[in-house]
Amino acid sequence: MRTILRSLFTGVLSAVSLATVAVAQDAKGPLRIEITEGVIEPLPFAAPTFAPESAQAAEMAANITSVVVADLTGSGIFREIPPSAHISGITNFDSPIQFSDWKAVNAQALITGAVAVQGNGQISVKFRLFDVFAQSALGDGLQFQGTSNDWRRMAHKVADAVYSRLTGESGYFDSRVVFVSESGPKNARRKRLALMDYDGANYRNLTDDHALVLAPRFSNDGRQVLYTSYETGKPKVFVLDLATMRQHALDDLPGMTFSPRFSPDDRTILLSLSDGGNTDIYSVDVATGQRSRLTSAPSIETAPSYSPDGRQIVFESDRAGTQQLYIMAASGGEARRISFGAGRYGTPVWSPRGDLVAFTKINQGRFHVGVMRLDGSDERLLTASFLDEGPTWSPNGRVLMFFRQNAGSDGAPSLYSVDISGRNLRKVPTPEFGSDPSWSGLLK
Amino acid sequence: MNIRLAALIIMGVLSLSACSNRFDGMGAGANDPSKAGNYQPNTPEYFVASVGDRVLFAVDQSTLSSEAMSILDKQADWLAQNGEFSALIEGHADEQGTREYNLALGARRASAVQAYLVSRGVADNRLSTVTYGKERPIEICSTEECWSKNRRAVTVVQVGTTS
């Protein structure tokens with residue numbers, strides 16, 4: 001989609017681009033919520049229904065406002081002052097703000113907006129953010145333009161801009177998740193790839209369920225998905241192009257391949273190859289198809305994930321007897337173990353900020369999703385259940401999505417998200433069972 | 001007399017797998033006692049019911065128990081007598097592990113069976129392996145009773161070659 005970001009045209013505001021948004025968030029306003037690892041008090045905001053600029057924009061304005069509110073409250077760090085408490089609304093986007101009305105209902109931040117529907121299927125969304133107590137605007141007003149089909153994305157972009165200005169960190173709402181959609185009984189589960197917005201909207205299937213598929217992984221440009229398919233009868237890494245929906249096996253070399261992951265520049269793919277019962281990590285040059293072997297121990301080496309700079313790989317291995325986490329150079333060679341707590345550790349994923357590794361931990365029959373620093377220190381378990389598995393990072397490194405399966409004969413997986421503070425555990429809605437999520441970066 | 005003997009052996013196998021509600025691969029229907037005695041010895045159904053198509057593993061292990069080896073000895077004998085068959089060995093894991101690790105573990109288990117059968121004289125090119133990790137449980141409860149049956153390697157025989 002081509003969402004156009006451009007300036008509002010009031011006298012105070014000059015031309016706005018993505019770059020100026022970055023400037024605006026650097027210029028610290030008086031209102032700022034610090035995201036810390038302790039308990040935080042959600043910041044109260046008001047978002048009166050965006051003003052429709054014509055009668056036919058009314059429904060769209062209401063829908064966009066509700067998605068902005070759902071994004072912000074869903075993050076767990078903002079709390080909405082509900083419209084029923086509002087003293088006044090915003091009927092005209094350019095009218096002066098009655099700050100006393102918003103102060104009286106204890107809204108610290110105020111989001112105002114307007115929505116216009118044009119005849120050609122285009123809509124435009126404008127918004128401003130205000131610090132109620134300082135009675136001033138926080139950053140410039142912004143306008144997004146796109147097709148009416150992309151109205152949710154425009155709402156997510158508004159919410160991302162608000163999140164960014166109030167936290168000083170980039171948002172994560174304008175993003176998508178590819179995952180395995182599962183149906184059927186536990187001993188005859190059917191699996192297919194599916195794609196949806198981060199909040200579960202705009203769900204669609206990417207494959208049918210005739211062949212078992214596992215562990216999809218987004219490319220960093222968001223255009224391709226790597227996954228494992230049993231199309232040929234054995235597990236093989238496949239590539240799906242989201243624009244053309246064409247899919248093909250990564251190569252036709254012998255051996256079972258699985259657990260793929262793109263490098264940060266999308267030019268190299270890591271995968272696991274099982275040969276003669278031994279599983280090792282290989283890299284594949286996307287342009288030439290050339291395979292390089294990165295590990296050669298007789299133990300299991302799998303689940304590789306690059307550091308954001310592409311120079312290192314975190315992976316799991318049972319070379320010391322049980323499943324543990326290791327870091328090695330991207331070219332392979334010596335690895336250092338980073339997990340030393342009780343139990344087994346798997347599915348490591350390097351955070352987009354580069355400072356943490358998220359993982360699945362199995363200890364005394366319980367599964368956890370957790371994070372640790374690169375040297376294994378500060379291990380924190382964020383969840384606990386019969387089976388929590390497979391974390392994936394939000395674009396800004398603040399939230400993890402994973403899947404949780406309940407025990408027993410009706411056991412089935414669902415997607416969940418949790419803040420890296422361990423707060424705000426939420427079920428992510430999916431039409432069928434869901435597993436193996438992979439979170440995209442922020443959409444372009 | 002031969003038919004009676006075969007039927008008795010089948011009954012023994014069935015009692016071991018009485019809790020199983022679904023056989024893998026070619027074995028569907030083999031747990032119906034009324035049909036068990038009718039299988040010809042050179043059929044996949046006979047292989048499942050009378051030879052034993054699967055071996056079980058300890059938690060997070062791929063080493064073959066003596067019990068597993070005796071079943072694999074019988075599989076090797078059957079494959080020696082039925083040269084037109086090849087076998088695909090499926091390695092499986094229980095749900096107490098992560099997906100990717102369990103794929104690797106299933107590959108290890110299938111490979112352990114393959115290596116043993118080769119050591120008992122089965123030609124390498126008649127055997128191939130596949131791992132399903134924890135994706136194909138046959139038992140669905142979440143206790144050791146079910147998990148122990150899901151930690152398995154299943155030898156699926158068919159006429160011709162397996163891919």
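The values are calculated or read from the model by the stated rules, or taken from the named source; none is laboratory data. Predicted model only: the values in this text are computed from it and were never measured. Keep in mind that these areas ignore ligands, DNA and RNA; they rest on the heavy atoms of the full protein, side chains included. Shrake-Rupley method; radii C 1.70, N 1.55, O 1.52, S 1.80 Å.
A few notes on this one:
- Radius of gyration over Kirkwood radius for segment A:233-353, both on Cα atoms: the Rg/Rh ratio is 0.97.
- Rg to Rh quotient for segment A:40-156, alpha carbon positions, Kirkwood Rh: 0.96
- Paired Rg and Dmax values of segment A:177-439, which use every Cα atom, in angstrom: 17.1, 46
- Cut-off under 5 Å, modelled amide H: who pairs with A:Glu379 long-range: A:Arg373
- Around the amide H of A:Gln312, modelled in the peptide plane, lie the amide H atoms of A:Ser307, A:Ala330, all under 5 Å away and 5 or more residues distant in sequence or on another chain.
- Expressed to the nearest 5 percent, the antiparallel share of DSSP beta bridges inside the protein assembly as shown is 90 percent.
- Rg ratio (alpha-carbon, reference 2.2 N^0.38 Å) - segment A:189-238: 1.18
- Remark: accessible surface ordering of A:Arg267, B:Arg99, A:Arg353 (largest first) is A:Arg267, A:Arg353, B:Arg99, probe radius 1.4 Å.
- Computing Rg and the Kirkwood Rh from the Cα coordinates of the protein assembly as shown gives a ratio, Rg/Rh, of 1.07.
- Choice from A:Thr232, A:Thr167, A:Thr49 showing the highest fluctuation, given a GNM over chain A with Cα pairs closer than 10 Å: A:Thr232
- Calculated P(r) tail over 24 Å for segment A:119-278, as whole % of Cα pairs: 51
- Interface burial for A against B (accessible surface, 1.4 Å probe, total of both chains, Å², rounded to 100): 3000
- Considering all C-alpha pairs of segment A:95-169, those separated by over 14 Å amount to 62%.
- Whole-Å distance, taken between Cα centres, linking segment A:303-334 and segment B:47-116: 30
- For A:Leu142, distant residues with modelled amide H under 5 Å away: A:Phe127
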